[in-house]
1. What is the magnitude of the charge dipole of the chain about its Cα centre, with +1 placed on the Cβ of each Lys and Arg, -1 on the Cβ of each Asp and Glu, and no other charges, expressed in debye to the nearest 20?
2. Which trypsin sites (Lys or Arg not before Pro) from segment 14-106 combine a DSSP loop assignment with at most 15 other Cβ atoms within 10 Å?
3. With unit charges on the beta carbon (Lys/Arg positive, Asp/Glu negative), name the residue among M159, L132, A94 whose Cα is farthest towards the positive pole of the charge dipole of the chain.
4. Looking at A19, P78, Y49, which one has the Cα that reaches farthest to the positive end of the dipole of the chain (charges on Cβ: Lys, Arg +1; Asp, Glu -1)?
5. Pop a pseudo-label 7 angstrom from the Cα along the beta-carbon direction at both Y27 and E72 and give the gap in nm to one decimal.
6. Would you mind classifying the chain by shape? Square roots of the alpha carbon gyration tensor eigenvalues, ordered a ≥ b ≥ c; an a/c under 1.5 is rounded, otherwise it is prolate if a/b is larger than b/c and oblate if not.
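Every number in this text was worked out from the coordinates using simple rules, so none of it is lab data. In this text, all values refer to a predicted model and were calculated from it rather than measured experimentally. All Cβ positions, glycine included, derive from the backbone under ideal geometry; neighbour counts span all protein chains shown.
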Amino acid sequence: MPSATTSAPDSTRERILAAATAEFAQYGIAGARIERIAKAARTSKERLYAHFRGKEELYATVAARELTAVTEATRLDPLDLPGYAGRLHDHFAAHPERLRLMGWGRLELDGAAPASADDPVQAAMRHKTEQLRAAQRSGGLDPDWDPADILLFVSQLAMSWVGQSELLPTDEAERTAFLAARRAAVVQAVHRLFPATAS
């Protein structure tokens, strides 16, 4: 059984990451404050900096974890892209703060520095485009499409409504029905572009 001494650093790190996730989702990278993150994590700024060198490294860690969570929750199936689009829609409709969190990174970091070879977003895209390319080689997807285009079009269609909170009905029942109809439209649109071939 691990002692309190050995488990404390991991616990502190997890609290920092949880607090940072909420902070970045609400305020973005520029608006986030280390002081607020440390306070919400019930630790000191000094302890936070012992785990992360700065705000950018902290955001990169949070974003990588979120990307992994999205990937695991939505599972790309190259032979059923309509189903994948539906899962993406569902995930971000249920977790709009995660869409905001990833959006802040695109807005604030885009062009700030060239993506490194181990950048998690680039790595995820490479892996997914390889899956799509393999499906094209096996005859499961139209080979005339560039896999990068397929991935972008499906993702953008899937998330087209979930980020439009100002257009959603305020009544909960109406909002649920509205989003269900939008989800059906997303799935149908992706099906027309990339029909499912999974048995």
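1. Working: 24 positive and 26 negative charges, 108 e Å.
Value, rounded to 20: 520 debye.
2. Values: sites: R15, R33, R36, K39, R42, K45, R47, R53, K55, R65, R75, R87, R98, R100, R106; in loops: R33, R42, R53, R75.
Counting only loop positions with at most 15 other Cβ atoms within 10 Å, the trypsin sites (Lys or Arg not before Pro) in segment 14-106 are R33, R42, R53, R75.
3. A94
4. Result: Y49, furthest along the dipole toward the positive end.
5. Those two pseudo-labels are separated by 2.8 nm.
6. Numbers: a/c = 2.21, a/b = 1.62, b/c = 1.36.
In terms of gyration-tensor shape, prolate.
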